[in-house]
Amino acid sequence: MQESMQIKSKQGPDQPRNVRRHGVTSYNKEANMPIPSIIQKLRIEQTSFEDMRSGPSPNARHMRESKIESEEYLGPHDHDLKLRVGDVQKMQFEDKNHLGQEQRGPLLWSEEQRQNRISVIEGKTLVDKNKEDMKTDLANRQMFTAGTAKQLKERCLAAGISLQKEVDHVAVQGFIGIAKGMYEILWERGFIDPNVEKYTIDGIKDPNTGQLLKETSLKHLIQQLPDFENEKTLLHYHGEKLGCIVFNSPKCTPEVAGEGIEYDWGVSKLWYRTQDIKLKKKKTEFKKLVSRAVGNEVLSLRMVRDNARRAREHMISYYKLEKSGDSTLPSDVKRMMATRKSHSSVIDMDKGFVSGQLRAMAT
């Protein structure tokens, strides 16, 4: 289960205390309206290792530049072109490097390849569309976009959508403007050991133990970089731009997410499942039914408050278990909630203390 997300707006004098909508609590003080839910994903040009290549690539996603804030951003291996604190690292090759010198090209390319600075384009060529291309084409025709690549292809063929697209034909690949890749980024920061024979994305295997050597893994090394490790998601980025505070609920604990949002979703889903199948067949009727499921008809103010109260009971139970040093398994939380519901009795809530007082009286 993914982490549940919650946004709380920074409070203002003319601003509602909380506005709850679709899994986040948020409020846009400038537009004076609630903020809709935003999918937790990478924002454009975000620094992330997830879809990076080991070496330079014209097809890799471009990432934003990153400032070297402290020595934590730098490795122990020195060379003439190593970045320094205060420098700005570009994630794509530019005509000049950070010292203002002419860019010499990718380390992983041969000297002959590095002579080609600018790509040479000769006309157009046809290539097969990828999954995202097919989804976009289907969405433009208001068609269903979920499914495997094979299913999307069949859907495109049935709709008369071409499975190929026209792109520039690169006769000679230059390096200016293409993504650097993990190796180059790590080398510029001083994390590439010249004594290590080879680096790979996951690392090379130890010939004796068969275990992957983390120090030879580009992915492992780049994961440790502060700017990659602490990069904000799209949700955090937009939340902060709107003057909000965004924080994550713990994983695998839907019962404490937000202010009972998972209970709200549960109520909506159960209500939807009880409805007649005839109301779900046509697209227009389906949309109306979903709107009713998440609207005031099902999620009334009283229902939402009851769900929020239930979530808070779980939060209190987790808190009390953690404070007492006991385990916080779901079974323990249920036991704690049952104890709390039995009665607000001091004997039930703090029997050890009361027993101690009785023993003190007996001596």
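So, in the stretch 194-219, of the ones that are part of a strand (DSSP E or B) and in contact with an Asp or Glu (Cβ under 7 Å, 6 or more places away or on another chain), which residue ends up nearest to GLU71 (Cα to Cα)?
SER217
Inspect the stretch 205-216 for any residue being open to solvent by 40 Å² or more (accessible area, probe 1.4 Å) and either more than 28 Å from MET52 (Cβ to Cβ) or touching a His at 6+ places or on another chain (Cβ under 6 Å) (or both) and give the result as yes or no.
Scanning the stretch 205-216, I find at least one residue that is open to solvent by 40 Å² or more (accessible area, probe 1.4 Å) and either more than 28 Å from MET52 (Cβ to Cβ) or touching a His at 6+ places or on another chain (Cβ under 6 Å) (or both), so the answer is yes.
Where residues in the stretch 154-188 are in a helix (DSSP H, G or I) and hydrophobic (A, V, I, L, M, F, W, C), which of them is surrounded by the fewest Cβ atoms within 10 Å (Cβ to Cβ)?
The selected residue is ALA158.
Only residues that are free of Cβ contacts under 8 Å to residues at least 12 places away in the same chain, open to solvent by 60 Å² or more (accessible area, probe 1.4 Å) and within 25 Å of the chain's Cα centre (by Cα): list them for the stretch 131-152, please. Can you show your working first?
Of the residues in the stretch 131-152, the ones free of Cβ contacts under 8 Å to residues at least 12 places away in the same chain are 132, 136, 139-140, 142, 144-148, 150-151.
Pick out the ones that are also open to solvent by 60 Å² or more (accessible area, probe 1.4 Å) and you get 132, 136, 140, 142, 144, 148, 150-151.
GLU132, THR136, PHE144, THR148 - these are the residues of the stretch 131-152 that are free of Cβ contacts under 8 Å to residues at least 12 places away in the same chain, open to solvent by 60 Å² or more (accessible area, probe 1.4 Å) and within 25 Å of the chain's Cα centre (by Cα).
Quick grid of which residues meet (1) in a loop (DSSP other than H, G, I, E, B); (2) modelled with pLDDT under 55; (3) open to solvent by less than 30 Å² (accessible area, probe 1.4 Å):
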| residue | (1), (2), (3) |
| --- | --- |
| ARG43 | yes, yes, no |
| SER48 | yes, no, yes |
| SER54 | yes, no, no |
| ALA60 | yes, no, yes |
| GLU69 | yes, no, no |
| TRP109 | yes, no, no |
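So in the stretch 239-269, with the set limited to residues that are in a helix (DSSP H, G or I) and within 16 Å of the chain's Cα centre (by Cα), which one is farthest from VAL290 (Cα to Cα)?
Filtering first and then ranking leaves GLU240.
Name the single residue that is farthest from TYR183 (Cα to Cα) among those in the stretch 222-231 being in contact (Cβ under 8 Å) with a residue 60 or more places away in the chain and surrounded by fewer than 15 Cβ atoms within 10 Å (Cβ to Cβ).
Top of the filtered list is PRO226.
Considering every residue within the stretch 111-120, establish whether at least one is loosely packed, with under 11 Cβ neighbours inside 10 Å, at pLDDT 90 or above and either within 30 Å of TYR199 (Cα to Cα) or of a type in the set (Phe, Trp, Tyr) (or both).
So in the stretch 111-120, the residues loosely packed, with under 11 Cβ neighbours inside 10 Å come out as 111-112.
Subsequent filtering for residues that are at pLDDT 90 or above retains 111-112.
With either within 30 Å of TYR199 (Cα to Cα) or of a type in the set (Phe, Trp, Tyr) (or both) added as a condition, the list becomes 111-112.
The answer is yes; a qualifying residue exists.
All but one of (1) within 25 Å of PRO250 (Cβ to Cβ); (2) surrounded by 13 or more Cβ atoms within 10 Å (Cβ to Cβ); (3) at pLDDT 85 or above hold for LEU279; state the number of the condition that does not hold.
So LEU279 meets the others, but not (1).
Residue under question is PHE191, and the condition is that it be touching a helix residue (DSSP H, G or I) at 6+ places or on another chain (Cβ under 6 Å), touching a residue at least 60 places away in the same chain (Cβ under 8 Å) and either assigned to a loop (DSSP other than H, G, I, E, B) or of a type in the set (Asp, Glu) (or both); does it hold?
Judged against the criteria, PHE191 is a match.
Counting only residues that are over 24 Å from MET143 (Cα atoms) and open to solvent by 60 Å² or more (accessible area, probe 1.4 Å), how many does the stretch 282-302 have? Steps first, please.
Our first condition is that a residue be over 24 Å from MET143 (Cα atoms); within the stretch 282-302, this holds for 295-302.
From what's left, open to solvent by 60 Å² or more (accessible area, probe 1.4 Å): 296-297, 301-302.
Residues flagged as over 24 Å from MET143 (Cα atoms) and open to solvent by 60 Å² or more (accessible area, probe 1.4 Å) within the stretch 282-302 amount to 4.
What number goes with the only condition from (1) of a type in the set (Phe, Trp, Tyr); (2) modelled with pLDDT of 85 or more; (3) over 30 Å from PHE144 (Cα atoms) that PHE286 does not pass?
Result: PHE286 passes all but (3).
Regarding the stretch 90-107, can at least one residue be identified that is assigned to a loop (DSSP other than H, G, I, E, B), of a type outside the set (A, V, I, L, M), within 28 Å of the chain's Cα centre (by Cα) and surrounded by 15 or more Cβ atoms within 10 Å (Cβ to Cβ)?
Among the residues of the stretch 90-107, at least one is assigned to a loop (DSSP other than H, G, I, E, B), of a type outside the set (A, V, I, L, M), within 28 Å of the chain's Cα centre (by Cα) and surrounded by 15 or more Cβ atoms within 10 Å (Cβ to Cβ), which makes the answer yes.
Consider only pairs whose beta carbons are under 6 Å apart and that are at least six residues apart or on different chains; among these, list those whose first residue lies in the stretch 240-268 and is on the phi > 0 side of the Ramachandran plot and whose second residue is open to solvent by less than 50 Å² (accessible area, probe 1.4 Å) and modelled with pLDDT of 75 or more.
Between residues of the stretch 240-268 that are on the phi > 0 side of the Ramachandran plot and residues that are open to solvent by less than 50 Å² (accessible area, probe 1.4 Å) and modelled with pLDDT of 75 or more, the close pairs are GLY260/ASN307; GLY260/ALA308; GLY260/ALA311.
The values are calculated or read from the model by the stated rules, or taken from the named source; none is laboratory data. Remember, it's a predicted structure, so these values are computed and weren't measured experimentally. With ideal geometry, Cβ positions are generated from the backbone for all residues, glycine too; neighbour counts draw on all protein chains shown. Quick note on the areas: whole protein, heavy atoms, side chains included, nothing else; ligands and nucleic acids left out. Shrake-Rupley method; radii C 1.70, N 1.55, O 1.52, S 1.80 Å.
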